[in-house]
Amino acid sequence: MAYEIILPKIGFSMNEAVFSEWLVADGGTVKEGDPLYAIESDKSTQEIESPASGTLRINAEPGTTYQVGDILGTID
Amino acid sequence: MSNYPKPDAATLVKIYEKMELIRQNDERAHKVVKAGRIIMPYYSPRGQEVIPSAISVSLTAQDYICTIYRGTHDMLAKGVPLKLLWAELAGRVTGTCKGKGGPMHITHPETGVMVTTGVVGSSMPIANGLAWASQLSGDGRVTIANFGDGAANIGAFHESLNMAALWKLPVIFVCQNNRYAEHTTFANSTAVERIGDRAASYGMPGITIDGNDPDVMYGAAKIAIDRARAGEGPTLIEAMTYRFNGHLLGDDGHYMDKEERQRAIAADPVARLRKRLIDEGALSEADAVRIETDISAQLDEAIEFALQSEYPALDEIRRDVFAHELA
Ligand SMILES: Cc1ncc(C[n+]2csc(CCOP(=O)(O)OP(=O)(O)O)c2C)c(N)n1
Ligand SMILES: [Mg+2]
């Protein structure tokens with residue numbers, strides 16, 4: 001089953017974030033715990049680790065704003 | 001401190017098991033929040049594992065603790081059930097407070113976790129109330145009031161210590177000095193070098209110790225607990241420790257002294273005790289691995305249980321607020 005990559009709430013007042021970049025290419029292999037993507041919220045950039053291992057399928061686009069809970073991609 | 005009671009090998013293993021549970025629990029909390037599976041404010045207790053672990057081995061299940069938002073270590077050491085804890089963190093109806101308290105308000109009287117508070121400084125007067133009730137009823141309980149270095153500068157600290165000393169309440173004030181209150185260093189907020197010294201103002205014993213040393217922490221806590229239980233009154237323990245992370249998840253702690261932080265993390269008390277127990281033959285490598293995998297499996301189960309549970313229904317929101325339901 002595909003594992004959904006969900007935009008987390010990290011920080012007390014964060015409700016949304018600008019998606020900065022994927023650190024792995026679409027279709028690439030990811031490992032749980034390795035840096036997966038970067039977001040910008042509350043004026044600071046944060047790298048988020050991969051929540052699972054598998055093949056990455058990308059939805060989120062750099063420069064776009066997403067809400068906490070939005071699905072950024074999946075890991076098959 | 002050389003005359004302190006020392007934990008035997010079996011007690012040290014118990015302390016280690018609690019510390020490893022706290023460490024892994026913290027790792028999971030970071031992971032689950034960053035995976036977007038649970039939305040919660042999370043204040044990591046990483047680095048402060050020794051304090052509640054070395055205290056709670058001298059407590060009974062009936063004894064009380066009061067803790068703060070940075071308190072999962074205190075709760076886990078006291079024995080809060082993992083599944084109920086995680087369900088409450090996730091705001092689910094199966095949690096310790098039916099999902100209505102959340103991470104900042106975990107309460108589980110069955111294991112003596114009486115309050116978790118987000119109001120800095122409020123664990124102390126609440127602990128006094130519990131200890132006073134024990135004194136009046138003669139139930140023999142002691143109460144541990146946990147709080148931070150920042151909280152020691154709140155008025156309620158001074159009021160509580162005075163009253164507890166005056167009435168010889170069975171309470172132990174444990175200041176977990178992790179060197180920071182949000183972004184402010186201890187040195188930038190406090191005129192005295194040691195909070196432990198303040199006990200003299202209230203006529204109670206006070207001590208400042210290395211809270212990351214399990215022998216010293218165990219000994220100081222044991223003396224204070226025995227004293228409180230014997231009706232001799234309160235003790236102030238300032239346990240020096242270090243906050244490995246920023247104030248809460250999402251704060252990278254960029255304002256923290258890099259070298260000091262690296263030194264503290266390199267001296268990780270959990271890894272240090274594991275190594276010592278193996279070196280001293282109290283634990284084999286296989287035993288240690290078994291403890292670790294057991295805890296990991298329990299956490300899998302607890303998190304799964306939490307995520308599978310329902311959120312409370314909307315009409316629950318006004319229930320449990322007053323002893324008698326308002327129409
Ligand atoms: C009465 C009150 N004042 C201020 C705050 C905001 N606040 C939340 S945590 C915190 C820092 C407290 O630091 P400390 O007591 O050292 O505990 P730590 O977070 O380090 O465990 C502050 C000032 C609050 N929650 N309550
Ligand atoms: Mg502090």
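The values are calculated or read from the model by the stated rules, or taken from the named source; none is laboratory data. Computed from a prediction, not measured in an experiment: that's the story for all the values here. Cβ placement follows ideal geometry from the backbone for every residue including glycine, while neighbour counts extend to all protein chains displayed. Note: areas computed on protein heavy atoms with side chains; ligands, DNA, RNA excluded. Shrake-Rupley method; radii C 1.70, N 1.55, O 1.52, S 1.80 Å.
I need the full set of residues from the stretch B:61-91 which are open to solvent by 20 Å² or more (accessible area, probe 1.4 Å) and within 15 Å of B:F305 (Cβ to Cβ), in order please. Passing the criteria: B:P81, B:L82, B:K83, B:L84.
The rows are residues; the columns are (1) open to solvent by less than 30 Å² (accessible area, probe 1.4 Å); (2) free of Cβ contacts under 8 Å to residues at least 24 places away in the same chain; (3) under 27 Å from B:Y16 (Cβ atoms); (4) outside any loop (DSSP other than H, G, I, E, B).
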residue	(1), (2), (3), (4)
B:K168	no, no, no, no
B:V192	no, yes, no, no
B:R198	no, no, no, yes
B:M204	yes, no, no, no
B:F244	yes, no, yes, no
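Scanning the stretch B:113-155 for residues that are open to solvent by 20 Å² or more (accessible area, probe 1.4 Å), part of a helix (DSSP H, G or I), touching a residue at least 12 places away in the same chain (Cβ under 8 Å) and away from ligand 2 (no atom under 16 Å from the Cβ) turns up B:P125, B:I126, B:L130, B:W132, B:Q135, B:G155.
Look at the stretch B:227-242 and say how many of its residues are in contact (Cβ under 8 Å) with a residue 60 or more places away in the chain and in a helix (DSSP H, G or I).
Final tally of qualifying residues: 2.
Is at least one residue of the stretch A:54-65 among the small types (G, A, S) and either within 11 Å of chain B (Cβ to nearest Cβ) or free of Cβ contacts under 8 Å to residues at least 12 places away in the same chain (or both)? No, that holds for no residue. Kindly indicate whether B:Y16 is within 14 Å of another protein chain (Cβ to nearest Cβ) and touching a residue at least 24 places away in the same chain (Cβ under 8 Å). For B:Y16, the condition - within 14 Å of another protein chain (Cβ to nearest Cβ) and touching a residue at least 24 places away in the same chain (Cβ under 8 Å) - is not met. Scanning the stretch B:286-302 for residues that are within 13 Å of B:Y16 (Cα to Cα) and open to solvent by less than 60 Å² (accessible area, probe 1.4 Å) yields B:D287, B:A288, B:I291, B:E292, B:I295. Determine if the stretch B:52-60 includes at least one residue that is open to solvent by less than 30 Å² (accessible area, probe 1.4 Å), closer than 30 Å to A:G69 by Cβ and in contact (Cβ under 8 Å) with a residue 24 or more places away in the chain. Within the stretch B:52-60, none of the residues are open to solvent by less than 30 Å² (accessible area, probe 1.4 Å), closer than 30 Å to A:G69 by Cβ and in contact (Cβ under 8 Å) with a residue 24 or more places away in the chain. Quick one: how many residues across the stretch B:28-51 are β-branched (V, I, T) and either open to solvent by 10 Å² or more (accessible area, probe 1.4 Å) or within 14 Å of chain A (Cβ to nearest Cβ) (or both)? Summing the residues that are β-branched (V, I, T) and either open to solvent by 10 Å² or more (accessible area, probe 1.4 Å) or within 14 Å of chain A (Cβ to nearest Cβ) (or both) in the stretch B:28-51 gives 4.
Restricting the stretch A:11-33 to residues that are open to solvent by 70 Å² or more (accessible area, probe 1.4 Å) and within 16 Å of A:T65 (Cβ to Cβ) leaves a set whose member that is farthest from the other protein chains (Cβ to nearest Cβ) is A:E21. Going by the structure shown, is B:E110 open to solvent by 10 Å² or more (accessible area, probe 1.4 Å) and within 14 Å of ligand 1 (Cβ to nearest atom)? When the stated conditions are applied, B:E110 does not pass them.
Given the criterion at pLDDT below 95, part of a loop (DSSP other than H, G, I, E, B), surrounded by fewer than 20 Cβ atoms within 10 Å (Cβ to Cβ) and in contact with a strand residue (DSSP E or B) (Cβ under 9 Å, 6 or more places away or on another chain), identify the matching residue among B:D320, B:D252. Of the residues listed, the single one that is at pLDDT below 95, part of a loop (DSSP other than H, G, I, E, B), surrounded by fewer than 20 Cβ atoms within 10 Å (Cβ to Cβ) and in contact with a strand residue (DSSP E or B) (Cβ under 9 Å, 6 or more places away or on another chain) is B:D252. Just one of the listed residues (B:G91, B:G150, B:G102, B:G196) is within 14 Å of chain A (Cβ to nearest Cβ) and within 16 Å of ligand 1 (Cβ to nearest atom), namely B:G102.
Looking at the stretch A:34-45, which of the residues that are within 11 Å of chain B (Cβ to nearest Cβ) and more than 18 Å from A:I58 (Cα to Cα) is least open to solvent (accessible area, probe 1.4 Å)? Among those that are within 11 Å of chain B (Cβ to nearest Cβ) and more than 18 Å from A:I58 (Cα to Cα), it is A:S41.
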